[in-house]
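Participant: Pasting a structure below so you can have a look.
The values are calculated or read from the model by the stated rules, or taken from the named source; none is laboratory data. Every value quoted in this text rests on a predicted model; they were computed, and no experiment measured them. All Cβ positions, even for glycine, are placed from backbone atoms using ideal geometry, and neighbour counts span all protein chains on display.
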Amino acid sequence: MKKLPLSIILFALALSSCSDETTVFENPDKSDIRMETNETLLENSVLFDKAGVLDIYDEENIAGKSYLSGKNDLAGDYPLTLVAQIDVPSFSGGANLTASHVDVSGSYAYVSYNTADAGYVGGIDVINVSDPTNPRVTARLYYVNADINSIKYDNGYIYIAGGVDSEKSVTATANSFVAKLQTFNGRINVDAGIVYAFQEGYNATDIAVTSSEVLVTSGREGFVSTYNKADLTPKKQAPFMDLRSVAVQDNRIAVLDASQGISILDSDLNTVRDIPIDSDFGNNTKRTLDFSGENIVVAEGSKGAGVYNSNTGSFIQYVPILLSPDNVDGADVVTNAVATNKEALLMANGGAGLCLSEEQQNSTDLVGIIQLEGSINYVASKDDYIFAASGKEGLQIIKLNRPEESLVARCADLSAYRGSSNLSVNTNQNLAYRGAKRFNNFNVSGTLLLCGSWTVRNGVNLNSDSLFEMNGTFVVGRNNNRKNINVNGGATLRVEGNLTIYGDLNLNDGASIEFVGENSVVNIFGTVNRNGSTSVKGSFRDIKNKF
């Protein structure tokens, strides 16, 4: 495990507690900590090259059976879209950063970076995701001499955990550190001072924040420690052999010790229950655990994700690693991290991709692998988003596109769609459905209403005199594989909600597009082609000014 120098020449206020020390750094040395001030660079860090509809490969897709056989597959659940990617930060002396951790709170995602090589360089990104069509990097901080392994936001502050070489630092009392940085409206305020605290262990590996405390785990020969959230003064600690992760639910604390498994602790860090795990967690690797109701889901490397009952300690099941469509080196097929979001279980499986499963009452059913590139090292999910750290591909922001509850209520009287992924509505048909599905192909000759969230991998054709009404979210194509919506003579596309086209909108002679209500949004990455006499009605927000 590498050690990290933290050589900062600062005005310091030292407060002692037992053998530990908390230090407030008022004026960080810019040679060690740098704020990125180039707004153009931050803007260009957001990439839309591969944005758009994401497919999910199930076992038959991976084996090459489904698409080759030409069978009429059912439309898939989880109509996911890739919103954007955040390019990995790079600067002089820091060209090999990788995303190590992600936390999501409110309108912002907070990302930490470290290096896997012999260098000691890290960073922090703050990303505004309030507008799903336009994420923005609002702040970027470089640590020239520090790896940052974990990050958490809480009530106006970013908390980070990493490492320090205590032999080279004049302030560090141990190798692992936790720090507190002020942030406001997506900006990091280093001028307000940075608070550091130190604990034993080769490297701080994970961090959790409660209403009054900060919990930090440190790796080999380390501790789980609690600190006062206000000033990071140390409170309690308990020794473990090789801690990798910590999670908190209500008054229960769970830690993952790579040498033995899970320990459930009370608020005083006394062990309430041990759950032994016989898995190889690897040396110096990222492994996480997360509460999911009364269960705990653990990233167990080559075994996939293990699910355990936190109350009884009983083993429930393994969720195995589903191999990706491409050939993958067996050493890269490991579960590094897990995250849950309602019924969805997400597994960051390294070279085997990001696996999505669905938790049922007594089991976990595999859905498939999300169509992403890169080695998926970490995953976080909150509200309607998934954030995947994927090596050189950077941070990938994925939208779940779950229908809003108000929309679900308005659509409750419609039948749920359970049909083909190749949707075809004949001339004499008048159909209406609710739901959230993925389509391959989409052709309407009659009348169709879709209420909910829907994606189409290929193009959309509205044939002559047809009517397609959408209420909710409708996304077509992908930016690196553009597809069009074609509205032919006499046909009408009626939009109430959010329409996104990674391609062109072609309105042919006699075609109409109508926007219902005052809040509809259209985001077209191609062009709007109006051929002949066409009609555009209603009010809407045109993200890219294509009309």
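Participant: Residues that are touching a Gly at 6+ places or on another chain (Cβ under 6 Å) and modelled with pLDDT of 90 or more: find the strands (runs of 3 or more DSSP E) completely inside the stretch 147-191 holding 1 or more of those.
Facilitator: Once the strands (runs of 3 or more DSSP E) in the stretch 147-191 are filtered for at least 1 residues that are touching a Gly at 6+ places or on another chain (Cβ under 6 Å) and modelled with pLDDT of 90 or more, what remains is 148-154.
Participant: Under the condition of being in a strand (DSSP E or B) and out of contact with any Leu (no Cβ under 8 Å at 6 or more places or on another chain), which residue from the stretch 350-367 is surrounded by the most Cβ atoms within 10 Å (Cβ to Cβ)? Outline the logic, then answer.
Facilitator: Step one: list which residues in the stretch 350-367 are in a strand (DSSP E or B), which gives 350, 354-359, 364-367.
Then drop every residue that is not out of contact with any Leu (no Cβ under 8 Å at 6 or more places or on another chain), which leaves 350, 365.
Numbers: GLY350: 27, ASP365: 11.
Result: GLY350.
Participant: Would the stretch 9-30 turn up any residue that is modelled with pLDDT of 55 or more, surrounded by 15 or more Cβ atoms within 10 Å (Cβ to Cβ), out of contact with any Asp or Glu (no Cβ under 6 Å at 6 or more places or on another chain) and not β-branched (Val, Ile, Thr)?
Facilitator: no
Participant: Is it true that some residue in the stretch 465-475 is touching a residue at least 24 places away in the same chain (Cβ under 8 Å), crowded, with 21+ Cβ neighbours inside 10 Å and more than 31 Å from the chain's Cα centre (by Cα)? Give the steps one after another, and end with the answer.
Facilitator: First pass over the stretch 465-475, keeping only residues touching a residue at least 24 places away in the same chain (Cβ under 8 Å): 465-475.
Filter again for crowded, with 21+ Cβ neighbours inside 10 Å, leaving 466, 468, 470-475.
Okay, now just the ones that are also more than 31 Å from the chain's Cα centre (by Cα), so 466, 468.
Yes, the stretch 465-475 contains at least one residue that is touching a residue at least 24 places away in the same chain (Cβ under 8 Å), crowded, with 21+ Cβ neighbours inside 10 Å and more than 31 Å from the chain's Cα centre (by Cα).
Participant: Still on this structure, please answer the following. Is it fair to say ALA197 is assigned to a loop (DSSP other than H, G, I, E, B), farther than 24 Å from GLU36 by Cα and touching a residue at least 24 places away in the same chain (Cβ under 8 Å)?
Facilitator: Against the criterion (assigned to a loop (DSSP other than H, G, I, E, B), farther than 24 Å from GLU36 by Cα and touching a residue at least 24 places away in the same chain (Cβ under 8 Å)), ALA197 does not qualify.
Participant: Is it the case, given these coordinates, that ASN228 is loosely packed, with under 15 Cβ neighbours inside 10 Å and free of Cβ contacts under 8 Å to residues at least 40 places away in the same chain?
Facilitator: Numbers: loosely packed, with under 15 Cβ neighbours inside 10 Å: no; free of Cβ contacts under 8 Å to residues at least 40 places away in the same chain: yes.
No, not satisfied.
Participant: OK, next. Give, as residue ranges, the strands (runs of 3 or more DSSP E) completely inside the stretch 72-119 that count at least 1 residues that are of a type in the set (D, E, K, R), out of contact with any Phe, Trp or Tyr (no Cβ under 6 Å at 6 or more places or on another chain) and at pLDDT below 85.
Facilitator: So the answer is none; nothing clears 1.
Participant: Being touching a residue at least 60 places away in the same chain (Cβ under 8 Å) and not polar (S, T, N, Q) narrows it down to one of VAL516, VAL521, VAL487, so name that one. Quick ask: steps written out before the conclusion?
Facilitator: Numbers: VAL516 fails: touching a residue at least 60 places away in the same chain (Cβ under 8 Å); VAL487 fails: touching a residue at least 60 places away in the same chain (Cβ under 8 Å).
That would be VAL521, the only listed residue that is touching a residue at least 60 places away in the same chain (Cβ under 8 Å) and not polar (S, T, N, Q).
Participant: Condition first: closer than 23 Å to PHE315 by Cβ, of a type in the set (Val, Ile, Thr) and at pLDDT 95 or above. Can you find one or more residues in the stretch 249-261 that meet it? It would help to see each step written out before you state the result.
Facilitator: Pass one, the stretch 249-261, residues closer than 23 Å to PHE315 by Cβ: 249-250, 252-261.
Okay, now just the ones that are also of a type in the set (Val, Ile, Thr), so 253, 255.
Now drop any that are not at pLDDT 95 or above, which leaves 253, 255.
Yes, there is a match, as at least one residue in the stretch 249-261 is closer than 23 Å to PHE315 by Cβ, of a type in the set (Val, Ile, Thr) and at pLDDT 95 or above.
Participant: State yes or no: is LEU243 within 16 Å of ASP290 (Cα to Cα), buried (at least 19 other Cβ atoms within 10 Å of the Cβ) and in contact with a Gly (Cβ under 7 Å, 6 or more places away or on another chain)?
Facilitator: Numbers: within 16 Å of ASP290 (Cα to Cα): yes; buried (at least 19 other Cβ atoms within 10 Å of the Cβ): yes; in contact with a Gly (Cβ under 7 Å, 6 or more places away or on another chain): yes.
Yes: the conditions hold for LEU243.
Participant: Starting from residues that are of a type in the set (Ser, Thr, Tyr) and buried (at least 24 other Cβ atoms within 10 Å of the Cβ), keep the ones in the stretch 368-410 and report whichever is farthest from the chain's Cα centre (by Cα).
Facilitator: Selected residue: SER390.
Participant: Of everything in the stretch 397-429 that's of a type outside the set (Gly, Ala, Ser) and part of a strand (DSSP E or B), which residue is nearest to TYR110 (Cα to Cα)?
Facilitator: So the residue we want is ILE397.
Participant: Looking at the stretch 492-532, which of the residues that are closer than 20 Å to ASN461 by Cβ and hydroxyl-bearing (Ser, Thr, Tyr) is surrounded by the fewest Cβ atoms within 10 Å (Cβ to Cβ)?
Facilitator: THR527
Participant: Given (1) in a strand (DSSP E or B); (2) modelled with pLDDT under 95, where does SER225 come up short, assuming only one miss?
Facilitator: (2)
Participant: Looking at the stretch 408-423, can you tell me whether even one residue there is among the polar types (S, T, N, Q) and either more than 30 Å from ALA491 (Cα to Cα) or touching a Leu at 6+ places or on another chain (Cβ under 8 Å) (or both)? Reasoning before the result, please.
Facilitator: Restricting attention to the stretch 408-423, the residues satisfying the condition of being among the polar types (S, T, N, Q) are 415, 420-422.
After this cut, where a residue has to be either more than 30 Å from ALA491 (Cα to Cα) or touching a Leu at 6+ places or on another chain (Cβ under 8 Å) (or both) as well, the list is 420-421.
Yes: the stretch 408-423 contains one or more residues that are among the polar types (S, T, N, Q) and either more than 30 Å from ALA491 (Cα to Cα) or touching a Leu at 6+ places or on another chain (Cβ under 8 Å) (or both).
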